[in-house]
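K.L.:
Supplied in structure tokens, the structure appears directly below.
Each value in this text was obtained by applying a stated rule to the coordinates, not by laboratory testing. Because the structure is a prediction, the values reported are computed rather than measured. Glycine also receives a Cβ, built like all others from the backbone with ideal geometry; neighbour counts cover every protein chain displayed.
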Amino acid sequence: MHRISLLGSGLIGMFYTMALHGHRGQDRVIVNYSRSAERARSLAEQWGIPKHTANLQEAIRDADTDVVVVALPNHLHEDAVLAAAEAGKAVLCTKPLGRNAAEAQRMLEAVERAGVFHGYLEDLCYTPKTLRALEAVGRGTVGKVLWVRSRETHRGPHSDWFWNKEFSGGGAIVDLGCHCIEIARNFIGKDIRPVEVVCWGDTLVHPIEAEDNAIGMVRYENGAIGQFEVSWSFRGGMDLRDEVAGTEGTIWLNHWLRTGMEMYTAVGETDYVAEKAEGTTGWLFPVGDEPGALGYVDMFTDMFDALDQRRPPRETFYDGYVVNAIIDAAYASIQSKQWQPVKLPIWRGREGVESTAVLRDYDADHVLLKEERMLDGSTKVMLRNKKTGQVVHRTNPG
């Protein structure tokens, strides 16, 4: 059993507590910290947390806890992580790790210098559908992954600090794009180096300094592409979708707008429907187990199993650092309107990886480009001559 100092009492802090205390979980939040003493007290009373405080150091250094979970606004991550590392506590930090790669690198170096366990709380890499899809990709079910498209859109975040560029580090990209980027890395291979990014982002709806809509592409060393689409102005709820295209197959994932439960009401639903749901009448899409569907349960299971087994979790501070470096390149691309390199002074993956291109011999002189069954039952193949490069087709009777 691990005893936790939870830093933060907002929506994420509540979701974390629901996941940790639910399903007869053994790990418990013992201390809740908030900058607001009233909010700390309220969350503690709601979830049976024995202690609450508005003193950050008091929460981190509490003698009864061995793990610090950081669920604070982005601009407070670094101070909290450095304090946890100095106290010798295992530390888990919500996404994004930092407001930029420099912050993330300092946090990574601090926990590694202190020798403390660290985990990056990237919940959407732990959704049940994502974990099942990753297993399939790992078995080679879709062949080599060529392209991953990840989308997260909704009307905008729930807390005021998200809308302050100084506090958050950016807009929809740093808030939502961090999820999409890491999802793509998981499918493409986290040991494959991200090389460059091209990105469009703009403020289309909200009167803020940061972008509220963006689309970007990340090119990886093996030629694969990770594409992210994010918005703080999408209407209709929260849209979480991923697509994985490989040489031998395709995976489509829809995590939220179509939850598998559909309910129509003319009079209105008086209970909570789902995160970012816009309405309470008409067709609704409730979620049976929200912390489970969003990946929080499997995320914390992995984190604490890894801590007990003295192994790294699936998502570490290093992963958060790589994501921040990709986001930095995305913001640079918005300004330059050109591809921008991903700057990774610390790289721990493979170098010189092979291309995703797959050549399959058809005969001694040709490689197979495509094979297709036609309406009349025949089979048409597209072939490329190995010597001349000429493309021809052949039709074989059915």
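K.L.:
Mind pulling the per residue volume of the convex hull built on the Cα atoms of the chain? Å³ is fine.
P.N.:
Numbers: hull volume 73.2 nm³, N = 398.
Each residue corresponds to 184 Å³ of Cα convex hull volume.
K.L.:
Please report how far the C-alpha centroid of the stretch 14-90 lies from that of the stretch 346-398, rounded to the nearest whole angstrom.
P.N.:
Taking the Cα centre of the stretch 346-398 as reference, the centre of the stretch 14-90 is 55 Å away.
K.L.:
Suppose a student asked you for the relative contact order of the chain, using Cα pairs under 8 Å spaced at least 6 residues apart; what percent would you report?
P.N.:
Numbers: 868 pairs, mean separation 61.9, N = 398.
Here the relative contact order equals 16 percent.
K.L.:
A further question on this structure: Which lysines does residue 343 reach when only Cα atoms under 18 Å apart count, and residues fewer than 8 places away in its own chain are ignored?
P.N.:
Within the straight-line cut-off, residue 343 pairs with 190.
K.L.:
Moving to a separate point now. Compute a Gaussian network model of the chain, connecting alpha carbons closer than 10 Å, and tell me which residue from 43, 72, 369 fluctuates the most.
P.N.:
369
K.L.:
In which sequence would 315, 112 go, from the one with the fewest C-beta neighbours within 10 Å to the one with the most? Write out the running numbers ahead of the final one.
P.N.:
Values: 315 28, 112 14.
In order of increasing Cβ crowding within 10 Å: 112, 315.
K.L.:
In terms of the ratio Rg/(2.2 N^0.38 Å) built on C-alpha atoms, what value belongs to the stretch 3-122?
P.N.:
Working: Rg = 13.2 Å, N = 120, 2.2 N^0.38 = 13.6 Å.
Ratio of Cα Rg to 2.2 N^0.38 Å: 0.97.
K.L.:
Taking K and R as +1 and D and E as -1, what net charge do the other residues with C-beta under 14 Å from the C-beta of residue 142 add up to?
P.N.:
Working: positive: 132, 139, 144, 149; negative: 135, 242, 243, 248.
Once all neighbours under 14 Å are counted, the net charge is 0.
K.L.:
Here's something else I'd like to know. Students often get this wrong, so check it: of 144/386; 129/337; 144/276, which have C-alpha atoms separated by over 24 Å?
P.N.:
Working: 144/386 22 Å; 129/337 35 Å; 144/276 35 Å.
Long pairs (Cα-Cα over 24 Å): 129/337; 144/276.
K.L.:
Between the stretch 143-198 and the stretch 243-300, what is the C-alpha centre distance in whole Å?
P.N.:
20 Å
K.L.:
What net charge is computed for the residues neighbouring residue 365, neighbours being all others with C-beta under 9 Å from the C-beta of residue 365, Lys and Arg scored +1, Asp and Glu -1?
P.N.:
On the way: positive: 386, 387; negative: 363.
So the surrounding residues net to +1.
K.L.:
Straight-line reach from residue 387: which lysines fall under 19 Å, measuring Cα to Cα and dropping same-chain residues less than 8 apart?
P.N.:
370
K.L.:
Label residue 336 and residue 363 with points 7 Å out from Cα along Cα→Cβ: what is the distance between them in nm?
P.N.:
Modelled inter-label distance: 4.9 nm.
K.L.:
Report, to one decimal in Å, the Kirkwood hydrodynamic radius for the stretch 125-341 based on all distinct Cα pairs.
P.N.:
This gives a value of 18.4 Å.
K.L.:
Whole number please: convex hull volume per residue of the Cα set in the stretch 250-398, in Å³? List each step's numbers first, then the result.
P.N.:
Working: hull volume 46.0 nm³, N = 149.
In the stretch 250-398, the Cα convex hull volume per residue is 309 Å³.
K.L.:
Could you give each residue of the stretch 198-214 its phi-based ³J(HN,Hα) in whole Hz, using Karplus coefficients 6.51, -1.76, 1.60 with θ = phi - 60°, and x for Gly or Pro?
P.N.:
10, 8, 10, x, 7, 9, 9, 10, 8, x, 10, 7, 8, 6, 10, 8, 6
K.L.:
Then there's this: Quick check on the exposure proxy: order 93, 125 from fewest to most C-beta atoms within 10 angstrom. Walk me through the intermediate numbers first.
P.N.:
On the way: 93 28, 125 24.
Result, fewest neighbours first: 125, 93.
K.L.:
If the elastic network links every pair of Cα atoms under 10 Å, which of 255, 366, 21 fluctuates the most in the Gaussian network model of the chain?
P.N.:
Answer for the Gaussian network model of the chain: 366.
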